[in-house]
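The values are calculated or read from the model by the stated rules, or taken from the named source; none is laboratory data. The structure displayed is predicted, hence computed values, not measured ones. Cβ: placed from backbone, ideal geometry, glycine included. Neighbour counts: every protein chain shown. Remember, those area values only see protein heavy atoms, side chains included, never the ligands or the DNA or RNA. Shrake-Rupley method; radii C 1.70, N 1.55, O 1.52, S 1.80 Å.
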Amino acid sequence: MQDLHSVAYFLNLGQQQEIQELEQFARTGQLVIAISNLLHQLQYERGLSNRFLGSAGLRCQQELQQQWHSSNEQLALFHKALANLLPEHGQHAFPARWFRRLGYALHSLERLSQLRQDVEQLKFNTTVAIKAYSEMIQSLLAVVFEAAGNAADEITARILVAMFNLMQGKELAGQERACGAAGFSAHEFDPGLRQRLTQLIDRQDRCFHIFSDYASDEALSAWEQVQRGEFQLEFERLRRLALTAGPQSLAAADYDVRWFICCSERLDAIKYVEEVLETQLLSHSQQRILAVREAALSPDQQGNDLQRGAFDDVPSFALYVSHSQSAGHESDHALSGPDDDMVHNVSKPVVELIEAQGQRLKSLNDELDAARTELHERKLIDRAKRELIQRRQMSEQEAYALLRSMAMNQNRRLVDVAAGLLSMTELL
């Protein structure tokens with residue numbers, strides 16, 4: 001029997017635990033992918049439901065029933081992925097917050113059957129339907145958010161942060177599709193619906209901007225394909241109609257069908273970018289598991305593990321300091337105390353690590369402040385573009401080109417021109 005007090009015993013336990021935690025996180029990745037696929041189907045179902053309700057039940061009934069079947073298939077796969085993570089199967093425990101998020105998501109999904117019945121019986125309007133589906137989808141997105149918070153390493157965290165923001169942006173795009181489907185089906189966009197569309201556009205831009213900051217080169221390349229998609233010009237034209245056109249113009253053509261097809265192509269393209277990130281997440285998880293398993297077989301691994309035990313995730317334990325230092329006096333030695341060997345061999349490296357961590361935190365805070373400023377400026381520019389699009393019937397590209405031209409002619413920053421334009425419009 002192995003000595004319970006031996007070095008090898010605890011190092012071996014550490015290796016086994018690390019592998020179990022990595023395997024557990026790989027299964028979490030499978031659940032994230034299942035959620036992504038389920039969200040895509042529920043978003044499509046929401047859009048069809050609003051076309052059905054917006055037309056007072058005259059359109060999309062058969063398509064909607066077929067979509068219920070597709071959503072149910074993904075719902076079954078979600079439950080299957082979830083079953084692999086249940087604590088009673090002996091898996092590593094998750095934080096309590098994660099289970100609460102998951103419990104709320106399952107509670108929301110239990111209402112899906114009744115929601116479909118209410119839609120089929122035309123019991124409520126498009127606004128209520130959008131809200132009901134969106135709350136259900138947000139509850140699932142919250143599970144993905146918690147998974148990102150429990151990432152085991154920086155690469156995994158970046159993938160999950162990029163994925164969460166892309167999924168959040170895609171959900172907002174799905175809400176835009178649903179709002180547009182409701183307005184085009186009814187041949188009218190009231191001021192409240194148009195305001196909602198403007199908010200959704202602004203929030204999408206913010207999510208996709210954060211996604212771009214964290215995404216890999218491969219994911220960014222896939223995102224560029226979305227921006228250059230064949231649907232893009234038609235999508236921008238229909239979006240402009242939704243924000244500006246009157247009821248007579250909207251009644252002249254089958255805009256609801258064209259809008260739904262165009263937005264669906266856009267969402268499918270975004271879903272492909274999600275799949276790129278999903279592949280990266282699974283691949284990285286498997287690589288880490290293999291690396292740990294191979295390292296466990298290496299004869300040098302015990303020494304490496306001892307080194308990691310000394311310096312990985314060092315706790316903030318109390319440091320020995322002399323009485324003169326604690327009283328505010330200078331000392332010949334930076335660190336001193338009852339055991340100089342312990343002080344110099346443990347405390348000094350800890351101090352250096354804490355100082356290095358402080359520098360990293362300061363750097364991160366500076367980066368966050370810069371990011372907040374950039375997001376604020378980007379939001380001002382996007383709002384100015386929206387104003388030009390609505391007031392001058394411009395495309396997004398034309399609006400941006402006009403702002404750039406004004407900035408160059410006035411020798412001012414683009415964000416300052418945008419802020420000035422918004423101030424003027426508020427006075428009109």
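The heavy atoms of V128 offer some 70 square angstrom of accessible surface to a 1.4 angstrom probe.
May I ask which of K80/K379; K170/K385; K80/K131 have a Cα-Cα span longer than 29 Å here? Working shown, then result.
Values: K80/K379 41 Å; K170/K385 21 Å; K80/K131 27 Å.
With Cα atoms farther than 29 Å apart: K80/K379.
Computed on protein heavy atoms with a 1.4 Å probe, the accessible areas place R391, R404 in the order R391, R404, largest first.
FRET efficiency for the pair A83 and Q225, taken as 1/(1 + (r/R0)^6) with r the Cβ-Cβ distance and R0 = 30 Å, rounds to 0.30. Name the shape class, rounded, prolate or oblate, that the alpha-carbon gyration tensor gives for the stretch 99-237, where a ≥ b ≥ c are the square roots of its eigenvalues, rounded holds for a/c under 1.5, and otherwise prolate holds if a/b is larger than b/c and oblate otherwise. Oblate, because a/c is 1.5 or more while a/b does not exceed b/c. Taking E274, E387, E265 and ordering them by how much accessible surface each has at a 1.4 Å probe, largest first, produces E265, E387, E274. Computed from label points 7 Å out along Cα-Cβ, the spacing between D190 and R237 is 3.0 nm. In this structure the amide hydrogen of S216, modeled in the peptide plane, comes within under 5 Å of no amide hydrogen from residues 5 or more places off or on another chain.
Here the label points at D268 and A76, each 7 Å from Cα along the C-beta direction, are separated by 2.4 nm in the simple model.
The length gained by stretching the chain between V257 and E154 to full extension, at 0.36 nm per residue less their Cα-Cα distance, is 32.7 nm. Legend: residues Y133, Y214, sorted from most to least accessible area (1.4 Å probe; ligands, DNA and RNA excluded), read Y214, Y133. Once the Cα-Cα distance is subtracted from the 0.36 nm per residue extended length, the Q117 to L422 segment shows a gain of 105.3 nm.
What's the extension gain from S212 to S249 if we count 0.36 nm per residue and subtract their Cα-Cα distance? Write out the running numbers ahead of the final one.
On the way: separation 37, 0.36 × 37 = 13.32 nm, distance 3.68 nm.
Length difference between fully extended and current span is 9.6 nm.
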